[in-house]
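To keep things clear, I will list the structure first and then write my remarks on it.
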Amino acid sequence: MPFRPNTRALTALLGLLTAMGPLATDMYLPSLPVMAREFQVTADVAQYTLSSFLLGFAAGQLVYGPLGDRFGRRPVLLAGLALFTLASAVCAIAPSADALIAARFVQALGGAGPVVLARAIVRDLYSGPRAGRELALMGMVMGVVPAIAPVFGAGLEATFGWRSSFLAMFLSGVFGWGVVWWALPETLHTRAARLHGPREMLATYAVLLRNGGYRAHGLLMSIAYGGLFTWISASSFVLQDIYGLSEFGFAAAFTTGVAGFVTGSWIGARLVVRHGIGRTLGVGCGFLLAGGMLLLVSVSIGFGHAAEVVLPIMVYLVGIGLVMPQGMAGALQPFPERAGAASSLVGFVQMSFAAFMGVVIGHMLSGALPLAIIMAVIGVVTTAFYLTTREARALVG
């Protein structure tokens with residue numbers, strides 16, 4: 001029986017679809033040091049499996065939105081899930097670090113589809129604060145995945161080796177494809193007249209970028225996400241190599257931080273209905289700033305315990321749970337007829353910046369202090385950007 005709007009079943013499904021990216025990112029994080037040793041590569045080369053995924057995710061998002069606007073959400077979503085599933089199987093048998101990096105890029109090309117199209121489906125069905133609430137509820141569902149994935153991945157790595165994490169991704173892709181095929185109805189009522197070529201796509205993106213509210217919301221969430229991916233890229237090496245945590249210790253610490261994201265999404269789902277998108281974003285930026293500065297202070301003092309990193313990160317992730325859903329809702333609000341393309345472009349900018357930050361932290365990572373400095377700077381920049389774009393954001397939020 002197809003899932004219907006305004007039901008928990010549909011919200012759960014859309015949340016799980018948007019969680020495909022975090023699943024593919026977080027499940028194998030405890031295995032990064034082991035992979036580096038097995039392939040006999042340095043930590044920054046192992047980290048390229050993350051940056052490669054982000055680049056593929058960014059590139060894929062430019063394509064799925066226009067395709068979904070032309071052919072409908074459901075068939076394009078099924079195609080993306082199929083590509084993700086097949087590439088996950090290739091990752092599981094990769095013979096070298098270079099092969100894994102390449103397979104991760106293709107895996108991300110497939111994984112971008114569920115994220116872009118799930119957000120477009122929300123805009124098909126809802127608008128304004130109701131869309132912000134739905135995205136926040138989806139964020140709560142999505143937050144469970146990165147909370148569980150490292151623990152699950154650590155268990156798989158300890159029992160079967162790191163390749164089993166990619167086999168689990170393969171099975172999740174099979175499951176997701178089956179549920180979408182069986183239960184997700186088409187939500188796009190008016191399709192684009194034809195599939196635009198590169199010139200028309202660029203013209204569409206130019207229209208989006210000329211909207212000040214779209215730019216402000218999209219850049220705000222992209223900068224904030226850059227801080228999140230800085231943490232994701234550095235977390236396994238900082239917590240395991242610097243603070244000496246085991247794979248399971250890392251998974252537990254990472255899960256503690258992710259609890260902040262779920263908390264932020266829960267708060268955002270309630271705040272946005274009462275106070276709107278703009279004020280909810282302001283609260284989120286306050287948490288980003290507080291988390292970044294707390295991290296810098298605690299690492300500078302140096303208690304020598306992983307909690308000096310994990311607890312401030314938890315505060316930062318409360319801000320992410322507030323900012324990401326509301327930033328996306330604000331960006332999509334002016335363009336109901338171009339929700340796919342609008343979701344694509346925001347995702348491309350977000351993931352491109354995140355991939356850049358992953359490379360930066362990979363080259364700077366010599367201890368916890370570079371991580372703290374970067375996240376403190378991002379907290380300051382995000383808050384300053386929020387304060388200076390109030391007028392543009394007020395047009396849609």
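The values are calculated or read from the model by the stated rules, or taken from the named source; none is laboratory data. Fair warning: this is a prediction, and the values are worked out from it, not measured in the lab. We place every Cβ from the backbone using ideal geometry, glycine too, and count neighbours over all the protein chains shown.
Taken over the stretch 172-201, the criterion of being part of a helix (DSSP H, G or I) and modelled with pLDDT of 85 or more is satisfied by SER172, GLY173, VAL174, PHE175, GLY176, TRP177, GLY178, VAL179, VAL180, TRP181, TRP182, ALA183.
Here LEU109 fits the description: closer than 19 Å to PHE57 by Cβ and under 21 Å from the mean Cα position of the chain (by Cα). Residues in the stretch 138-166 that are part of a helix (DSSP H, G or I) and of a type in the set (Phe, Trp, Tyr) were compared, and the one that is modelled with the lowest pLDDT is PHE152. The residues on offer are LEU228, LEU220, LEU209, and the sole one that is touching a helix residue (DSSP H, G or I) at 6+ places or on another chain (Cβ under 7 Å), surrounded by fewer than 18 Cβ atoms within 10 Å (Cβ to Cβ) and of a type in the set (A, V, I, L, M, F, W, C) is LEU209. Being assigned to a helix (DSSP H, G or I), in contact with a Phe, Trp or Tyr (Cβ under 6 Å, 6 or more places away or on another chain) and farther than 23 Å from ASP69 by Cα is not true of MET169. Can you tell me which residue within the stretch 208-251, out of those that are touching a Gly at 6+ places or on another chain (Cβ under 7 Å) and over 27 Å from THR49 (Cβ atoms), is modelled with the lowest pLDDT? Step by step, filter the stretch 208-251, then rank; the result is GLY213.
Answer yes or no as to whether VAL377 is assigned to a helix (DSSP H, G or I) and out of contact with any helix residue (DSSP H, G or I) (no Cβ under 7 Å at 6 or more places or on another chain). It is true that VAL377 is assigned to a helix (DSSP H, G or I) and out of contact with any helix residue (DSSP H, G or I) (no Cβ under 7 Å at 6 or more places or on another chain). Looking across GLY65, GLY56, one residue alone is at pLDDT below 85 and within 20 Å of GLY340 (Cα to Cα). It is GLY65. The requirement of being surrounded by fewer than 18 Cβ atoms within 10 Å (Cβ to Cβ), within 22 Å of GLY358 (Cβ to Cβ), over 20 Å from the mean Cα position of the chain (by Cα) and not small (Gly, Ala, Ser) is fulfilled somewhere in the stretch 232-241, by at least one residue.
Taken as a whole, the condition of being crowded, with 18+ Cβ neighbours inside 10 Å, within 16 Å of ALA19 (Cα to Cα) and at pLDDT below 95 applies to LEU77. Scan the stretch 366-393 for residues that are under 28 Å from TYR243 (Cβ atoms), surrounded by fewer than 20 Cβ atoms within 10 Å (Cβ to Cβ) and of a type outside the set (S, T, N, Q) and jot them down. Hits for the stretch 366-393 are GLY367, LEU369, PRO370, ILE373, VAL377, VAL380, VAL381. Entry remark, the stretch 116-164: residues being under 30 Å from PRO66 (Cβ atoms) and of a type in the set (Phe, Trp, Tyr) number 1 in total.
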